[in-house]
Amino acid sequence: MIPSVEREDIAALLRWYVEQGIDETIGEEAIDRFAAPPPLAAVVLPAGGPAPAATPALGATPTPASPAAPTSRRPTPAPVVRAPVPIESPQLVEDARALARGCDTVEALEAAVRAFEGCALKRTAKNTVFADGVAGAPVMIVGEAPGGDEDRLGKPFVGVSGQLMDRMFAAIGMSRERDLYITNILFWRPPGNRTPTLAEQAICLAFTRRHIELARPKVLVLAGGTAAKSVLDTTEGIMRLRGKWATLALDDGTTVPALPTFHPAYLLRTPASKRQSWSDLLSLDRKLRELGLR
Ligand code: URA
């Protein structure tokens, strides 16, 4: 049996790991990632044959090659793996935009996001976290990225910060079952809940902007600095942005009023800021009344 002092040491060490973002158990054996299959964005070209007419969209799930027709006695050359596209490549953002533009419904967009292989975060995430609530609801909430609970359950804002968010909206009579549509700028959990890189944000934002166009909310709530800065394309911090209505211009020519507010995870750490968040919620309630939605 492990002596109790030693057990406390182990518990303290585990708590420290979790605080540092190391919250997944891994195997005993190290994995040689260099020996793993080529990165997701790599493109396999047929060897020996003519150059392909068009390179497939890099973000799209590659379709399996059709079996080669039986040919002459020439030996089949080994396939050539073209240099992988760097995972930060601006081309991936273009691919994401093109795929998103091609979607005419929220369902089609969800399928495109689930099939998309151009965001490196997908490799470490358990689930694609697309949305929750009512598509077409008057209020659409956009957060930052799934955390551990969201990754496990495949739904946004279902952990402790999501539960606080639910209670806050319940205080103005709104629920995700009836009035809210909830998503994040990122569809996959960043390892250890780190802040997503600008490249990861840019790739996913291409889909999120189309998501907003297709869901057609009357009002957008941007939860936290990362979501607010990314969606509004500004470097201004959340302390300055929160509580001030902005107008988001979308690529289809429509606009939507957007309210940046504190992220519920920030409120859990800084309960004194709940006063400002309450004032933001009252502002949202007033806006919905002005729009004749309440
Ligand atoms: N934080 C977010 O920004 N989104 C979630 O879905 C969960 C936590």
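Quick note: the coordinates plus some simple rules give every number you see, no bench work behind them. On a predicted model such as this, the values are computed, not experimentally measured, just so you know. Every residue, glycine among them, receives a Cβ derived from its backbone with ideal geometry; neighbour counts consider all protein chains shown.
Below, the figures for the structure above:
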| read-out | value |
| --- | --- |
| Verdict on LEU186 being within 12 Å of the ligand (Cβ to nearest atom) and within 21 Å of ALA131 (Cα to Cα) | yes |
| Subset of the range 196-207 [surrounded by fewer than 24 Cβ atoms within 10 Å (Cβ to Cβ) and β-branched (Val, Ile, Thr)] | THR197 |
| Which listed residue is away from the ligand (no atom under 12 Å from the Cβ), not basic (Lys, Arg) and not in a helix (DSSP H, G or I), from GLY192, GLY173 | GLY173 |
| Within the range 259-272, tally of residues that are assigned to a helix (DSSP H, G or I) and within 16 Å of the ligand (Cβ to nearest atom) | 6 |
| LEU248 being closer than 20 Å to GLY162 by Cβ and away from the ligand (no atom under 16 Å from the Cβ) | no |
| Answer from LEU282, LEU288, LEU259 - the residue that is farther than 26 Å from GLY102 by Cα and either in contact with a Lys or Arg (Cβ under 7 Å, 6 or more places away or on another chain) or of a type in the set (Gly, Ala, Ser) (or both) | LEU288 |
| Pairs with Cβ under 9 Å, 6+ apart, first in the range 153-173 and hydroxyl-bearing (Ser, Thr, Tyr), second not in a loop (DSSP other than H, G, I, E, B) | SER161/GLY143; SER161/ALA223; SER161/PRO264; SER161/ALA265; SER161/TYR266; SER161/LEU267; SER161/LEU268 |
| Residue match in the range 119-128 (condition: within 9 Å of the ligand (Cβ to nearest atom) and crowded, with 20+ Cβ neighbours inside 10 Å) | no |
| Qualifying residue in the range 156-165 (condition: within 12 Å of the ligand (Cβ to nearest atom), buried (at least 24 other Cβ atoms within 10 Å of the Cβ) and not in a helix (DSSP H, G or I)) | yes |
| Long-range neighbours under 6 Å by Cβ, at least six apart or interchain, first residue touching a residue at least 60 places away in the same chain (Cβ under 8 Å) within the range 215-243, second within 12 Å of the ligand (Cβ to nearest atom) and small (Gly, Ala, Ser) | LEU222/ALA228; ALA223/GLY143; ALA227/GLY143 |
| Some residue of the range 141-155 being of a type in the set (A, V, I, L, M, F, W, C), surrounded by fewer than 23 Cβ atoms within 10 Å (Cβ to Cβ) and more than 17 Å from the chain's Cα centre (by Cα) | no |
| Failed condition for GLY118, given (1) touching a residue at least 24 places away in the same chain (Cβ under 8 Å); (2) in contact with a Pro (Cβ under 9 Å, 6 or more places away or on another chain) | (2) |
